Amino acid sequence: MQEQLEKVRRILSSSRRMVFFGGAGVSTESGVPDFRSQDGLYRQKYAYPPETILSHSFFLSHAEEFFAFYREKMLFPDVQPNAAHKKLAEWEREGRLSAVITQNIDGLHRKAGSRRVLELHGSVWRNHCMDCGKSYPLEYILHGTGVPRCSCGGIVKPDVVLYEEPLDESVLLAAVEEISKADTLIIGGTSLNVYPAAGLIDYFRGENIVVVNKGATARPLEGVCMVDEKIGEFFSHL
């Protein structure tokens, strides 16, 4: 690992506008389960496949089942940022990192102190009434039962992107702009097999790409610095 650490340190020391693009592997070291690993949600047995439960159409037609699964398997309010989250927030404070672009919905980057966080798939910490738009905190969903209702009677929906739903266009455009202006792109904790999010890295025009991920990425990347390590553990040495 030492040789890789030195190589990454050299790249980072010469960088002036870094952007981080991350996935589930950034949060697993904090105790948040992922979807696609050997023990992930997609390999567990439920009455319906997780991909079905977390779809827009299932949410509309089986709201009770959706929220039962959501409360049990998607909400981890007490987990804390790990070394990766904290290091990224530190680089932002130093003016070296311009943005964190994440596929995660757990809010750990913000909890660590990062301010410029583009949450491609939304956040469990934000919820709104589908009828009147009133906002509700995570606790309203977490400590309730059944289908959460607004004071107006509408369903309170988490601000997370479900299957069959498009990504927020303003967040996507901001991510494209950040990546296209970066001189170094750090990709961490993702195998790059979730689209359209993974396609964002194609907008990078800078000099260096650093990939820190346990295991190979789904798409081949040439001319990059590859680190096959857990990102939190690796970042704790930077």
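The set of residues from the range 189-213 being open to solvent by less than 20 Å² (accessible area, probe 1.4 Å) and over 16 Å from the mean Cα position of the chain (by Cα) comprises just one member, 210.
Quick one: would you say residue 176 is in contact with a Phe, Trp or Tyr (Cβ under 6 Å, 6 or more places away or on another chain), more than 20 Å from residue 26 (Cα to Cα) and at pLDDT 95 or above? Considered against the rule, which asks whether it is in contact with a Phe, Trp or Tyr (Cβ under 6 Å, 6 or more places away or on another chain), more than 20 Å from residue 26 (Cα to Cα) and at pLDDT 95 or above, residue 176 comes out as yes. Residues that are of a type in the set (Gly, Ala, Ser) and surrounded by fewer than 21 Cβ atoms within 10 Å (Cβ to Cβ) within the range 96-136 comprise 98, 113, 122, 123, 133, 135, listed in sequence order. State all residues of the range 214-231 that are surrounded by 15 or more Cβ atoms within 10 Å (Cβ to Cβ), touching a Lys or Arg at 6+ places or on another chain (Cβ under 9 Å) and either without any contact (Cβ under 8 Å) to a residue 40 or more places away in the chain or closer than 18 Å to residue 18 by Cα (or both); if no residue qualifies, say none. Result: 225, 227, 231.
Filtering the range 55-78 down to residues that are in contact with an Asp or Glu (Cβ under 7 Å, 6 or more places away or on another chain) and not in a helix (DSSP H, G or I), which residue is most open to solvent (accessible area, probe 1.4 Å)? So, considering only residues that are in contact with an Asp or Glu (Cβ under 7 Å, 6 or more places away or on another chain) and not in a helix (DSSP H, G or I), the one most open to solvent (accessible area, probe 1.4 Å) is 76.
Cβ-Cβ distances below 6 Å connect the following pairs, each with a first residue in the range 145-156 that is within 7 Å of residue 129 (Cβ to Cβ), a second residue that is surrounded by 13 or more Cβ atoms within 10 Å (Cβ to Cβ) and polar (S, T, N, Q), and a separation of six or more residues or different chains: 156/127. Might you check whether a residue that is open to solvent by 50 Å² or more (accessible area, probe 1.4 Å), among the β-branched types (Val, Ile, Thr) and under 27 Å from residue 238 (Cβ atoms) occurs anywhere in the range 28-38? Yes, some residue in the range 28-38 is open to solvent by 50 Å² or more (accessible area, probe 1.4 Å), among the β-branched types (Val, Ile, Thr) and under 27 Å from residue 238 (Cβ atoms).
The values are calculated or read from the model by the stated rules, or taken from the named source; none is laboratory data. Because the structure is a prediction, the values reported are computed rather than measured. Cβ: placed from backbone, ideal geometry, glycine included. Neighbour counts: every protein chain shown. Side chains are part of the model used for accessible areas, which takes the heavy atoms of the whole protein and leaves out ligands, DNA and RNA. Shrake-Rupley method; radii C 1.70, N 1.55, O 1.52, S 1.80 Å.
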